[in-house]
Ligand code: DC
């Protein structure tokens with residue numbers, strides 16, 4: 001499935017666990033191509049809305065995934081609340097997941113000549129997308145810590161912050177990610193769990209680097 005000369009690192013975990021920051025920093029240090037797979041679901045959801053489609057329609061959502069053009073979205077578009085909600089709808093749909101699976105695997109197998117491999121973050125990278133990844137990290141943090149991080153992130157972006165709403169959204173999203181029948185959020189059997197509840201971003205990075213260097217070719 002993946003070129004054996006490539007190092008593939010799979011990072012999974014719930015929202016606001018710190019996996020995105022960790023994956024981005026690891027990619028830079030280890031010269032790996034980074035793919036934020038949540039952004040594919042976010043872009044698919046937004047594409048359905050832009051086309052005037054129905055988020056519950058598997059046909060509309062699969063068409064959006066097949067014709068996805070990431071260059072038409074800004075980082076702000078993709079991080080918006082609207083995108084997050086739209087993503088959590090389309091992420092349920094098996095045909096959307098099937099289309100995006102092909103793209104994710106092709107990035108892992110062919111990250112580009114300037115990279116030593118690829119690092120993908122999401123919910124099902126270690127279990128479904130890259131089951132042969134050299135290193136699999138499942139990043140966790142307590143719900144309280146994740147809520148605090150999300151509140152800080154929203155405040156930093158100058159967005160209105162209502163703690164009860166963030167708590168409800170995070171709890172509902174966790175439940176949807178864990179309970180869905182297709183590709184639910186769960187650690188792969190051979191994943192290493194990294195609990196970042198009592199760590200800052202630098203400490204999480206150091207722990208992950210030790211792990212990857214201990215088990216991988218870098
Ligand atoms: O990590 P995120 O918040 O950007 O993810 C957005 C949504 O996409 C979230 O509802 C989970 C879903 N997702 C998924 O089902 N599988 C992935 N590999 C990545 C994200």
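Read the figures in this text as sums done on the coordinates, not as results from a lab. Computed from a predicted structure; not experimentally measured. Cβ coordinates were reconstructed from backbone atoms using ideal geometry, including for glycine residues, and neighbour counts include every protein chain displayed.
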Percent of beta bridges antiparallel (DSSP, the chain, rounded to nearest 5): 0 percent
When Rg is the radius of gyration of the Cα atoms in region 20-98 and Rh is its Kirkwood radius, what does Rg/Rh come to? 1.02
Rounded if a/c is under 1.5, else prolate if a/b beats b/c, else oblate: with a ≥ b ≥ c from the C-alpha gyration tensor eigenvalues square-rooted, which is the chain? oblate
In nm, the gap between the two label points placed 7 Å beyond Cα toward Cβ at residue 31 and residue 209 is 1.6 nm
Just check region 142-212 against the gyration tensor rule for me: Cα atoms, a ≥ b ≥ c as the square roots of the eigenvalues, rounded for a/c under 1.5, and otherwise prolate or oblate depending on whether a/b exceeds b/c. oblate
Overall form of region 93-143 per C-alpha gyration tensor (a/c, 1.5; a/b vs b/c): oblate
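How far, in nm, would the chain grow between residue 79 and residue 202 when pulled straight, counting 0.36 nm per residue and subtracting the alpha carbon separation?
The span from residue 79 to residue 202 would gain 42.0 nm if fully extended.
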Spacing of the two label points (7 Å from each Cα toward its C-beta) at residue 57 and residue 179, in nm: 2.7 nm
Can you give the calculated 222 nm mean residue ellipticity of the chain, where each DSSP H run of n ≥ 4 adds -39,500 (n - 2.57) and the sum is split over every residue, rounded to the nearest 500 deg cm²/dmol? -16000 deg cm²/dmol
Can you tell which of 121, 179, 36 shows the greatest fluctuation in a Gaussian network model of the chain with Cα springs below 10 Å? 179
Simple spin-label estimate for residue 167 and residue 195 in nanometres, 7 Å along Cα-Cβ: 2.2 nm
